[in-house]
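Engineer: What follows is a structure written as structure tokens; I'll ask about it next.
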Amino acid sequence: QVQLVESGGGLVQPGGSLRLSCVASGSIFRINAMGWYRQVPGKQRELVATMSNGGITNYADSVKGRITISRDNAKNTVYLEMNNLEPEDTAVYYCNARLKAVPWTDVMDYWGKGTLVTVNS
């Protein structure tokens, strides 16, 4: 079993900052990439940012320059530093890990349960 647990969401005023964390635990052979996605009611889940094991990052255009993803590979942890937040950033943020649980399985996507970020004055 693989578990991803997010933390750090909450209510913040426009222009404020938040830091999200996500820890992956359980049966993990190798993590290929970790990242963050977000979803608002009635819309599809969308990419926020991802980072590969080699440190290659991918950001949504809407968050470039305001949000930074980082990882601690030794701790199977991914972070999302969010600055200058806008009301449009309000969403449930989901952690994603693309990994092999055991050597003989395919790489699969695992998801956390999500953490709510609300940007509102």
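The values are calculated or read from the model by the stated rules, or taken from the named source; none is laboratory data. It should be emphasised that the depicted structure is a prediction, and the values quoted were computed from it without experimental measurement. Positions of Cβ are backbone-derived with ideal geometry, glycine not excepted, and every protein chain shown enters the neighbour counts. The accessibility values were calculated without ligands, DNA or RNA, using every heavy atom of the protein model including side chains. Shrake-Rupley method; radii C 1.70, N 1.55, O 1.52, S 1.80 Å.
Engineer: Which of the numbered conditions does residue 34 fail, given that it passes all the others? Conditions: (1) touching a Phe, Trp or Tyr at 6+ places or on another chain (Cβ under 6 Å); (2) touching a residue at least 60 places away in the same chain (Cβ under 8 Å).
Structural biologist: So residue 34 meets the others, but not (1).
Every residue, every condition in (1) open to solvent by 70 Å² or more (accessible area, probe 1.4 Å); (2) of a type in the set (Ser, Thr, Tyr); (3) under 23 Å from residue 1 (Cβ atoms), yes or no:
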| site | (1), (2), (3) |
| --- | --- |
| 67 | no, no, no |
| 70 | no, yes, no |
| 80 | no, no, no |
| 92 | no, no, yes |
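Engineer: Considering only segment 1-65, give the strands (runs of 3 or more DSSP E) lying wholly within it that have at least 3 residues that are open to solvent by less than 70 Å² (accessible area, probe 1.4 Å) and out of contact with any Pro (no Cβ under 8 Å at 6 or more places or on another chain).
Structural biologist: By residue number, 2-7, 18-26, 30-39, 46-52.
Engineer: Okay, moving on. Looking only at residues in segment 66-90 that are in contact (Cβ under 8 Å) with a residue 40 or more places away in the chain, of a type in the set (Ser, Thr, Tyr) and outside any loop (DSSP other than H, G, I, E, B), which one is nearest to residue 26 (Cα to Cα)?
Structural biologist: In this case the residue turns out to be 77.
Engineer: Starting from residues that are under 26 Å from residue 41 (Cβ atoms) and of a type in the set (Phe, Trp, Tyr), keep the ones in segment 94-121 and report whichever is most open to solvent (accessible area, probe 1.4 Å).
Structural biologist: This residue is 111.
Engineer: Considering only segment 101-115, how many residues are at pLDDT below 95 and in contact with a Gly (Cβ under 8 Å, 6 or more places away or on another chain)?
Structural biologist: 1
Engineer: Is there a residue being within 15 Å of residue 119 (Cβ to Cβ) and among the polar types (S, T, N, Q) anywhere in segment 18-37?
Structural biologist: There is no residue in segment 18-37 that is within 15 Å of residue 119 (Cβ to Cβ) and among the polar types (S, T, N, Q).
Engineer: Further question: For segment 91-98, indicate whether the set of residues that are in a loop (DSSP other than H, G, I, E, B) and over 10 Å from the mean Cα position of the chain (by Cα) is non-empty.
Structural biologist: no
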